[in-house]
1. Count, please, the residues in the range B:26-66 that happen to be within 12 Å of another protein chain (Cβ to nearest Cβ), surrounded by fewer than 24 Cβ atoms within 10 Å (Cβ to Cβ) and touching a residue at least 24 places away in the same chain (Cβ under 8 Å).
2. Please verify whether residue A:88 is at the interface with another protein chain (Cβ under 7 Å from one of its Cβ atoms), part of a loop (DSSP other than H, G, I, E, B) and under 20 Å from residue A:41 (Cα atoms), treating the condition exactly as stated.
3. Only one of these conditions is not met by residue B:3: (1) free of Cβ contacts under 8 Å to residues at least 40 places away in the same chain; (2) over 26 Å from residue B:149 (Cα atoms). Which number is it?
4. Starting from residues that are within 14 Å of residue A:271 (Cβ to Cβ) and without any contact (Cβ under 8 Å) to a residue 24 or more places away in the chain, keep the ones in the range A:194-224 and report whichever is surrounded by the most Cβ atoms within 10 Å (Cβ to Cβ).
5. If only one of A:293, A:269 is loosely packed, with under 13 Cβ neighbours inside 10 Å and either at pLDDT 95 or above or touching a helix residue (DSSP H, G or I) at 6+ places or on another chain (Cβ under 8 Å) (or both), which one is it?
6. Has the range B:168-187 got any residue that is outside any helix (DSSP H, G or I) and on the phi < 0 side of the Ramachandran plot?
7. Looking for something surrounded by fewer than 23 Cβ atoms within 10 Å (Cβ to Cβ) and at pLDDT 95 or above - is there at least one such residue anywhere in the range A:183-192?
8. Here is a check on your reading of the model: is residue B:270 in a helix (DSSP H, G or I), under 23 Å from residue B:209 (Cβ atoms) and without any contact (Cβ under 8 Å) to a residue 40 or more places away in the chain?
């Protein structure tokens, strides 16, 4: 019987937080304000789903868990950077994130912009310093950069902003989700395979897994935004629809969105079945569609 | 007789621009607006001093000029990212840069923030993809990340913002300049040495050279801001003093600042003399203090 997902998430969060604590400057290190701001957003009660994916991939492929943890930490730094910048007044202008004031509400806009910048740069520093001798360090770094850039996460955020008020269509919402969310979740799955020097077929399987899982994850996020209470989610709900954001439920309805998320999770599971020796990757895929927050 | 600095700058600019043109997405590639915005700020008539330093270091150490050019292009991407973000309304709130409207004036704040983010990420992608097989790729990547982060450029910008209105002191202005400007100029000198696998003494010499040259460069920048006309500089002048920014002339006066810049350029030259087989590095140091814009 595979390890329960809750246990994997807990294990990955502990390992990832320990790694982040080592690689991030202390809040007391000068310049203090930016280090405080970085830690405020990185240690804010996230689920650490991406580090759990990275750790599970490493364990599935026989890559050292330390490599999985470092890859997961670097992806989590990029994720934190994107949330800090997405919340800025010039972007989504959000005051709350995970039930707490957003970074710029606490530290001001200038510090929030620079803290996001610094988290992004730190992600690459962590990979280059902690995995400098890993066989596939350069391809792993290139993968993380591409996943974060204009053909990945940052490009998705641009499309998301430009899409507000446009007529929502399935191809557009799917491109946005693939770039804005799935690219980085894919990176969490692919990085440990690349860094650890896994065979090309394993890398390809993790790529397919991460893409399907990432898209499924975002569709479920859209559904939860429509159907949950703010208490359940720890943030405002129904905001995507109010803002004219492209979401799956807006385009196809909640029921069809749920079915699509389920099919994608199955696709993800199919892709990794030959490699998933502990069953953890398939369990994560099931968790992503069944979660309630 | 060494190659005239004007010729080195011209050669480096041509090589760097060709490299940037290859590695940056085309302005017509989707999402167009961010690719246009990135190109707007990268191709904006900068001197390409950092790529010239990187190319000269490569040539001095017998590292392939292609490695020097890629290192220079990656440093230039970080430099462009920092200018786009520094000009934002929440930071220095500048409308003009090199005689043209700043990025956020043309493309809006959201796109400018994301374009800066994307330029930063692209710098690491370029190193990892173009120099993936270089012997010292991981140390070079780590060096660029550290130079850009909170103990380098980004940290310097925080101190610079926090310093506005504080009583200017020499230790504070020197820390700001070392972090905000010298760290990245040092990276331009150190990256080709690291990536090319140069001996540790050569790396150390380039580190000393880049630090002294970078500090000298920023002091001269401060002096030019005080003593030039806007036409000579292509941007507003006297703005640093008006804003209460920490500058060398404000702390020690123009004459003493000029002397300090000259001494630092000599220090830089001393550090590289044993390695500077074509004399280009010493010529660059002399150029930095003699320039008029």
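1. Matching residues across the range B:26-66 total 2.
2. For residue A:88, the condition - at the interface with another protein chain (Cβ under 7 Å from one of its Cβ atoms), part of a loop (DSSP other than H, G, I, E, B) and under 20 Å from residue A:41 (Cα atoms) - is met.
3. That leaves (1) as the condition not met.
4. In this case the residue turns out to be A:203.
5. A:293
6. yes
7. no
8. The answer is yes for residue B:270.
The values are calculated or read from the model by the stated rules, or taken from the named source; none is laboratory data. These numbers come from a predicted model, not from an experiment. Note: ideal-geometry Cβ built from the backbone for every residue, glycine included; neighbour counts use all protein chains shown.
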